[in-house]
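The values are calculated or read from the model by the stated rules, or taken from the named source; none is laboratory data. Since the structure is predicted, the reported quantities are computational estimates derived from the model, not experimental observations. Note that we place each Cβ from the backbone using ideal geometry, even for glycine, and neighbour counts take in every protein chain shown.
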Amino acid sequence: MPSSRIKLKLLSRLCVAYFSVVILSIVVSHKGLGLLHFSSRVAYFLFAPLIALAIYKANINFNRLIFSMKLSLILVGVVIYYQYLTKDYNEIDWILSRGILPILTTIMLTFSWVNINHENKYNFSLTLVSSILALNIITLGDGCSAFLSLIILSVLFIFLNAKSLVNKYRYKILISVLILTCTSFLLTHSNLTNRFSTAIEFLSLLSENGYSTEDLHTPIKGKSDEITNIRLAMYKGGLLAAKDRLIFGHGYRNTTAPASKFVGNKKLATQIAKHSHLHNTFINSLVYGGAIALLTTLALLLFPLKKFWQSLRAKNNTKYAILGTLLMSSYA
């Protein structure tokens, strides 16, 4: 069993703890029977240690794993770019969804760089091609979160690899290609830069004294971003709602209704109440499960991250440690 193996004990305990917190939040919601069927959606946490055990025992070829990521990015990138050239933007089939694909692409892209120090010229060329096509997906998706994740994970990757560079010339080529590609795509796709500027303006308003969620529905300088409005109101309303039931929370899948009560604008509050979650893992956990759920969620992030960081500092399985660090950071 996974719990009997030292290397998988931590994962087993964290997964069981998270599942237990979800069950507790279902009980706290006073809608146990109505919500019990949702427990199957988080039951995969109980199977995660078994999956980890299977991976642990399997002899996975690391180079082939990275190669498959690059090939996937190229195939998906070609499909999306072809649709962009031949169809109207709103008709593009994003395979998963416009929100999910760019984020998943960001994670796979940074993972595909892990073995760059030991790649031959063919694989490095493949890295450059897959990176360019992946960046096109990210910018076409117009998602601020995906692009911010790309920046954060890229900086983290550079930092983690700073002391283990084998070919600094190759490293400079990759960074140069990424910067030039990002710049050209951002200049071509203005929607993403417009969303960033709108979000910054909204955030500046949130920091002002006496600013309320009623103002979130007012356009700034003639611009209006409905998604930004809703998300910022969700976050603020969620944090205010969490204060009412700080320890155990409001119950599983009961986050948007409590958060909407703290939104002054009725139209905006109605829109928030229609959502199933608050679109932020940590705030969502705090509202539905209180401090207990939030601490458990943070433990899922920080404890494995600590293990990978310790392995990285000890220079044990460096490429796996970097991959694990990037994985946990992308979760954050």
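Every condition in (1) in contact (Cβ under 8 Å) with a residue 24 or more places away in the chain; (2) over 18 Å from ASN191 (Cα atoms) is met by THR86 except one, and the failing one is (1).
Going by the structure shown, is TYR169 surrounded by fewer than 16 Cβ atoms within 10 Å (Cβ to Cβ), under 22 Å from VAL78 (Cα atoms) and at pLDDT below 90? Explain how you work it out, then say what you get.
Working: surrounded by fewer than 16 Cβ atoms within 10 Å (Cβ to Cβ): yes; under 22 Å from VAL78 (Cα atoms): no; at pLDDT below 90: yes.
Taking the combined requirement at face value, the residue does not satisfy it.
Considering the range 258-275, and only residues there that are closer than 15 Å to LEU239 by Cβ and of a type in the set (A, V, I, L, M, F, W, C), the residue that is surrounded by the most Cβ atoms within 10 Å (Cβ to Cβ) turns out to be ALA259.
Considering the conditions (1) over 16 Å from the mean Cα position of the chain (by Cα); (2) farther than 15 Å from ARG170 by Cβ, SER131 is excluded by exactly one of them, (2). Being under 24 Å from CYS15 (Cα atoms), of a type in the set (Val, Ile, Thr), within 21 Å of the chain's Cα centre (by Cα) and modelled with pLDDT under 90 narrows it down to one of THR297, THR325, so name that one. After applying the criteria, what remains is THR325.
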